[in-house]
1. Counting only Cα, what are the radius of gyration and maximum Cα-Cα distance Dmax of region B:285-378, in Å?
2. When the Debye formula is applied to the Cα atoms of region B:369-467, each taken as the same point scatterer, what base-10 log of I(q)/I(0) results at q = 0.15, 0.18, 0.23 Å⁻¹?
3. Can you tell me the relative contact order of chain A? Whole percent, Cα pairs under 8 Å, sequence separation 6 or more.
4. Using only the alpha-carbon atoms, how far is helix B:279-288 inclined from the longest principal axis of chain B? Give it as 0 to 90 degrees, nearest 10.
5. Karplus couplings for region B:192-204 from phi (6.51 cos²θ - 1.76 cosθ + 1.60, θ = phi - 60°), rounded to Hz, Gly and Pro as x?
6. Over the Cα atoms of region B:70-184, how large are the radius of gyration and the largest Cα-Cα distance (Dmax), in Å?
7. Could you let me know the centre-to-centre spacing of region A:25-103 and region B:261-312, using Cα atoms, in angstrom?
8. Under the classification rounded if a/c is under 1.5, otherwise prolate if a/b is larger than b/c and oblate if not, where does region B:118-179 fall, given a ≥ b ≥ c as square roots of the Cα gyration tensor eigenvalues?
Amino acid sequence: MNIGLTQVLFVSCALFFIGIYGFLTRRNLITMLMSVELILNSVNINFIAFNKFLYADKLDGLFFTIFIITIAAAEAAVAIAIIINLYRNYKSIDVEEVDTMKF
Amino acid sequence: MLSTALISLIPLLPIFSFVFIALVGRKNFPSLCGALGTIAMLASFLLAMTVAYEYFFVVGKVNGIYQQLIPLKYTWLQFSPNVSIDMGILLDPISVMMIVIVTFISLMVHFYSLGYMKGEERYATYYSFLGLFTFSMLGLVLSSNIFQIYIFWELVGLSSYLLIGFYFDKPSAVAASKKAFIVTRFADLGFLIGILILAFYAGTLDFQTLIARLTSFTSQYNSIISASFLGVSALTWGLVLVFIGGAGKSAMFPLHIWLPDAMEGPTPVSALIHAATMVVAGVFLVARLFPVYVTSPEAMHIVAWVGVSSSLFAAVIACTQTDIKRVLAYSTMSQIGYMMFALGVSGYGGEHGLGYMASMFHLFTHAMFKALLFLCAGAVIHYTHSNDMKDMGGLRKLMPVTHLAFLIACLAIAGIPPFAGFFSKEEILQAAFRSNKAIFTIGIITAAITAFYMFRLYFNIFWSREYQSHHDHEGHGDDAGHHSEAPATMKIPLVILALLSIGAGFVPFASMVTSDGAPIATEFHISFSIAPVLLALGGILLALSFYKKQNNKPEQMANGINALYRGAYHKFYIDEIYLFITKKVVFNLVGRPAAWFDRNVVDGAVNLVATITGKVSFLIKGIQSGKIQSYAAYFFVGVIGFVLIFVYWWT
């Protein structure tokens, strides 16, 4: 079976919704962070796939992917810092317990 | 030569003293502020005298006619190439005369207050306000632009408000200052509209240009006469509205109600308000626009009749009041009425301008003797600690200087030769006699009443009965019955002003201050003076028989004309009428509906918006749960929704 654009998009779509599902249902902040990474990676796969199958002579998609990976790394560092602070204040990283910011 | 800097310093010195005392002196050396203000005033007075000398005897006269000089003109706000608000100085006989009067009376008041206000808690503040007041009035008389005069006009209103309400812990003083401010402000509205009408048709705000254009009768500026509203030409409307402003400041009937209440201020301030500043501003304004007024006979009639009726009205009230300052307040109103009707019966130029000259002359002499009267009253009040003539009597031996000064002032205001008031009053009556016999008759009756009530005041204060101190039994440390008459700082101004009240009548006014600048010859008819002087003497003799010794003649007289007496005692119920109109008519017919509209419609609309917002927020506040995952879910659902909309509907 030849692997074409459709198959790759299926994979990235599945990855995206798995990420969304994890982000909405997991209570642990670290797991939620991992879900966000899944979402980002599904986008990366999209970029690579479109670049490869539609505009093989260009490199734009690759550049975007590299940028996203870099930004994701930085974002993860910030997120981890926030999580550590949360833990210091609440002695927990359960997102259900961090609901002080309400009306 | 007249140097611009010197002239500008005349009004600037008082304002410097005001700013300096208010910002620096009041905190650091309050007890020196009085001397400081007085020195600034003295310098200002000397400069004013120099300017007056230069103007009247050196540079002012060209070919025997006094010119209008503009030593300073600075374009301040330019609206269009032709219309601008300037700040300038206009020198002509009346403004030069006014700066001399204002600085002189203000100097006397400053000096007098050194003694009178001594030990007062807000002594420095008082002097700073005096500086502001003098500055405003000097700026007013020197204005070269009708809008500039309006600015200073309001400043005069403000500073009088500050000074009348000087004892702000006394509710009556607070009420009086508010009354003065509101009544004059009400009149100023008329003034402002009048300015706009005149300036609109003349196309300028500058006095000289405005007067030249409105009196030229060329076709370009004639529309002010052809344009009419309610059957009266726009010119007359403008002038009458300006006169309303002047009548408010000058306390002409029916806008006089603030003046008697203004007595709540310190007595020297009353002297300043009544003699030199504030109340003569209205007369000055009419005199300043006099060439324009002459072109409208209707406006002149209004000026004349308002003046003469105020004059008689105030004189009648003055006969019944017992507060000595109130008597003086009504006498001021009466004398200002004299000046007004003198302007109203006058014509322009040459012999016809007699009334104008007489009015300015009376303004000048009145400033002297009225300041003297008030300062004497201040000394009496200082001595007896009372305003009411029932607490006085027999003071002539205890206060010899004050007694003599007061007697001179009374003779001057009654118009007995050779005191100052005689000459100016004579000119006024002569001018009235030439143009309007009815006004002349009322004027001469008023002169007799004036003599009567002034001497009623005099005999009640200084004769009548033995003085009994009301303070002996109150346990004052010093024996109030035996303390001396007044400190020297209070006596010296009395002596100076008394000398001037004798001598001011001999100033050759007819050759200096006239409507067109050219000297006029006044012939003096002894035969004409006989009637007014005899009537004044009659008034004095009547007062003598009534009040020299305590007797029951006044009561009999009052009972004989009971209705009139009671009416006059209650000031003809003008205050009550005002109260009735404001409380019953304005409050009920305008105030209450407006308040209802405000509370229900305006507030209601605002409250409705607030209520809706509140209710909606209450309903949806549950959405903001603080749970990040539910936010993410809303966001995600929203994104899906948008995607669906864009993919399927937005094609």
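1. Rg and Dmax of region B:285-378, Cα atoms, are 14.4, 44 Å.
2. -0.63, -0.81, -1.11
3. It rounds to 27 percent for chain A.
4. 90 degrees
5. Values, residue by residue: 4, 5, x, 4, 5, 4, 4, 5, 5, 6, 7, x, 7 Hz.
6. Expressed in Å, the Cα Rg and Dmax of region B:70-184 come to 16.7, 55.
7. Spelled out, the Cα-based centre of one part sits 85 Å from the other.
8. Cα axes put region B:118-179 in the oblate bin.
Read the figures in this text as sums done on the coordinates, not as results from a lab. Values in this document were obtained by computation on a predicted structure and should not be read as measured data. So basically every Cβ, Gly included, is an ideal-geometry build from the backbone, and we count neighbours across all protein chains shown.
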